[in-house]
Every structure is written in structure tokens, then in C-alpha cells.
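See structure below.
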Amino acid sequence: MTGQTEHTAPQFALLSYQHRQNMEVEYRLDRVIREVVEGPMPKLAMNVRISWEDGPGKPDRYSYLDTLSTPRFKVTNWQVMTYRLLDFGDWAVYDEIEGVTGRPMSGVLALLFRVIGEGRIAHSRMAISEDGIQVSRTTAEKAFMGVTTTVTVHPDGIMEKDVPDDRADLLELERLIKQPLEIDYVEFSDGR
């Protein structure tokens with residue numbers, strides 16, 4: 001992060017730097033998507049792999065507390081993280097996410113996750129309004145359970161469950177990200 005010091009950089013950026021994470025991005029469409037079974041064709045599709053080298057004394061994961069979100073979240077990044085990133089122009093999808101887990105540390109869901117532990121973020125869809133408000137629909141999984149939640153994220157990081165009924169533009173974004181979508185992906189180069 002340009003212009004930041006070790007004392008001013010956000011914790012997630014500092015940890016990424018300290019672990020010397022590498023990012024590999026494949027954006028040739030024929031190496032990402034085999035077929036769009038249902039839904040629109042993305043304008044851009046990418047396979048993303050983020051990792052750091054294995055070795056003696058190197059951890060297989062690190063965690064940090066996202067203090068900018070409300071509720072606060074504990075996020076764990078594993079040594080290898082992969083996902084598909086699809087850009088549809090007015091909305092985006094993170095799909096087949098592997099290597100990222102987390103749990104809310106405050107709010108109503110914190111009690112549930114205190115009992116069951118961290119959940120795996122499986123996929124997320126998002127769109128942003130003209131005034132900078134994000135509508136996001138994310139699925140987290142833990143063992144046999146899955147929870148899909150729609151949230152509205154304000155520019156200051158404050159989140160609220162669902163979408164306000166008095167914002168037709170946000171309700172339209174919610175409709176957009178809820179549309180049916182099924183993609184047959186090409187395997188990652190490492191066989192995943």
C-alpha cells in the first residue's frame with residue numbers, strides 16, 4: 001500500500017507483506033470458463049491464486065481482526081487461497097473460494113460461530129450503487145451447514161442485514177446479484 005508504514009498500514013495488508021504472498025492471475029477466458037450453463041457471460045473472468053512459500057518455521061495460515069467492518073470479523077487466510085473472479089460490468093462474483101475462513105466477533109451471529117467455529121466463505125456476489133453503497137450476497141459453509149446472507153455495506157464500513165425497503169436502487173442491485181448463474185469452470189492449473 002503506497003505511502004503506508006508498518007504502523008499505518010491496515011493489518012491485512014501488513015500480514016500479506018510479511019508473509020511475502022504472491023498472486024497469480026489467469027484471465028484467458030478459455031482457461032477459466034468451459035461453459036456458461038445458465039446466466040450471462042462475464043465481461044472478464046479470472047482464476048486467482050494467492051500463496052506464500054512453504055518452509056521450516058513458516059505458518060500454514062494467519063488470522064487478523066477486521067476492525068473496519070461492523071460487526072467485526074476474524075478472518076483467516078490459509079497458505080494457499082484460490083477463487084474465481086467474474087466481472088459482469090455492473091456486478092461481480094467471487095466463486096469457488098478456497099483457503100479463506102472467518103467468523104463474526106460481534107453481533108448476533110457471533111454467538112453461533114463461537115460454538116461452531118470459523119466458517120468457510122464459499123462464494124460472494126456484489127454490486128455497488130451510484131452513491132457507493134455495496135449490496136453483497138455471501139454464502140459461508142461449516143461442515144453440513146450453509147448460510148447465505150444479503151447485507152448492505154455503507155461506505156463507512158457499517159453493515160446491515162438485508163437491503164432497506166426504501167431504496168429501490170439497492171433492491172434492484174439485490175435482484176441483479178440473486179439472478180441464476182451456473183458456470184462450468186476449467187480446473188485450476190494445480191488440478192483443483
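Quick notes on this structure:
- Residue list for the range 66-84, restricted to those being of a type in the set (A, V, I, L, M, F, W, C), assigned to a strand (DSSP E or B) and in contact with a Pro (Cβ under 9 Å, 6 or more places away or on another chain): Phe73
- Among the residues of the range 58-90, just one is aromatic (Phe, Trp, Tyr), in contact (Cβ under 8 Å) with a residue 40 or more places away in the chain and surrounded by 19 or more Cβ atoms within 10 Å (Cβ to Cβ), namely Phe88.
- Every residue from the range 25-57 that is of a type in the set (D, E, K, R), more than 13 Å from Asp184 (Cα to Cα) and in contact (Cβ under 8 Å) with a residue 12 or more places away in the chain: Glu26, Lys43, Arg49, Glu53, Asp54
- Listing of strands (runs of 3 or more DSSP E) fully contained in the range 112-192 that carry 2 or more residues being of a type in the set (Ser, Thr, Tyr), in contact with an Asp or Glu (Cβ under 7 Å, 6 or more places away or on another chain) and surrounded by 12 or more Cβ atoms within 10 Å (Cβ to Cβ): 145-153
- Every condition in (1) touching an Asp or Glu at 6+ places or on another chain (Cβ under 8 Å); (2) under 27 Å from Pro180 (Cβ atoms) holds for Lys74 except the one numbered (2).
- Residue among Glu141, Glu118 that alone is farther than 29 Å from Leu44 by Cα, at pLDDT below 90, within 15 Å of the chain's Cα centre (by Cα) and of a type in the set (Asp, Glu): Glu118
- Of all residue pairs spaced 6 or more apart or on separate chains, none has beta-carbon atoms under 8 Å together with a first member in the range 117-128 that is closer than 14 Å to Gly146 by Cβ and a second member that is aliphatic (A, V, I, L, M) and part of a loop (DSSP other than H, G, I, E, B).
- Ser63 vs. criteria among the small types (Gly, Ala, Ser) and more than 18 Å from Val25 (Cα to Cα): yes
- Any hit, the range 72-92, residues being over 15 Å from the mean Cα position of the chain (by Cα) and of a type in the set (Phe, Trp, Tyr): yes
- Residues within the range 157-183 that are farther than 20 Å from Phe88 by Cβ and within 18 Å of the chain's Cα centre (by Cα), tallied: 6
The values are calculated or read from the model by the stated rules, or taken from the named source; none is laboratory data. Everything quoted here is computed from the prediction, not taken from an experiment. Here Cβ is always computed from backbone atoms with ideal geometry, including for glycine, and neighbour counts include all displayed protein chains.
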